[in-house]
Amino acid sequence: QVQLVESGGGLVQPGGSLRLSCAASGSIFRINTVGWYRQPPGKQREPVAVIPDGLSTNYADSVKGRFTISRDNAKNTTYLQMNSLKPEDTAVYYCYCAAQLTTYGGLSGYWGQGTQVTVSS
């Protein structure tokens, strides 16, 4: 099994910045895709930024130029730097990874527990 623990959420004023972290632990052979999703109040979960394995990073149009996703493979940690935050960025943010647990095993998806980001003056 893989455990994902997010941190870094909180309350920030419009125009401010936050950095989310997501640390993966467990018996992991290799992490493939990593990403951040969010669920605004009363809405469905939506992708924010995703790094597919070996491919270029994908961002939601609403966050392009403001958010940056990165990964530290040595630490099994994924980050989301969020700048120029807007009230509409308010949501619970979830990290996701697709991981391979054994050498010849398939990929399985895992979610973190979520961290609240509130952008308000």
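A few notes on this one:
- Checklist (1) closer than 21 Å to ILE28 by Cβ; (2) touching a Gly at 6+ places or on another chain (Cβ under 7 Å); (3) at pLDDT 95 or above; (4) aliphatic (A, V, I, L, M) applied to LEU80, failing item: (2)
- Condition broken by THR103, with the remaining ones in (1) over 21 Å from VAL50 (Cβ atoms); (2) surrounded by 18 or more Cβ atoms within 10 Å (Cβ to Cβ) satisfied: (2)
- Number of the exception - PHE29 against (1) surrounded by 12 or more Cβ atoms within 10 Å (Cβ to Cβ); (2) farther than 16 Å from SER7 by Cβ; (3) of a type in the set (Phe, Trp, Tyr): (1)
- Test result for ARG38, touching a Pro at 6+ places or on another chain (Cβ under 9 Å) and assigned to a strand (DSSP E or B): yes
- Contact map, the stretch 1-25: residues that are closer than 12 Å to TYR110 by Cβ paired with residues that are of a type in the set (Phe, Trp, Tyr) and surrounded by 13 or more Cβ atoms within 10 Å (Cβ to Cβ), Cβ distance under 6 Å, separation 6+ or inter-chain. Pairs shown: VAL2/TYR110; LEU4/TYR110.
- The stretch 72-90, residues that are touching a Cys at 6+ places or on another chain (Cβ under 9 Å), part of a strand (DSSP E or B) and either open to solvent by 70 Å² or more (accessible area, probe 1.4 Å) or over 15 Å from GLY114 (Cβ atoms) (or both): THR77, TYR79
- In the stretch 32-44, residue farthest from the chain's Cα centre (by Cα) [restricted to those that are open to solvent by 30 Å² or more (accessible area, probe 1.4 Å) and farther than 24 Å from LEU101 by Cβ]: GLY42
- Filter pass, TYR93 being in contact (Cβ under 8 Å) with a residue 60 or more places away in the chain, farther than 26 Å from SER121 by Cβ, touching a strand residue (DSSP E or B) at 6+ places or on another chain (Cβ under 9 Å) and open to solvent by less than 60 Å² (accessible area, probe 1.4 Å): no
The values are calculated or read from the model by the stated rules, or taken from the named source; none is laboratory data. This is a predicted model, so every value here is computed, not measured. Every residue, glycine as well, gets a Cβ built from its backbone with ideal geometry; the counts of neighbours run over all protein chains shown. Note: areas computed on protein heavy atoms with side chains; ligands, DNA, RNA excluded. Shrake-Rupley method; radii C 1.70, N 1.55, O 1.52, S 1.80 Å.
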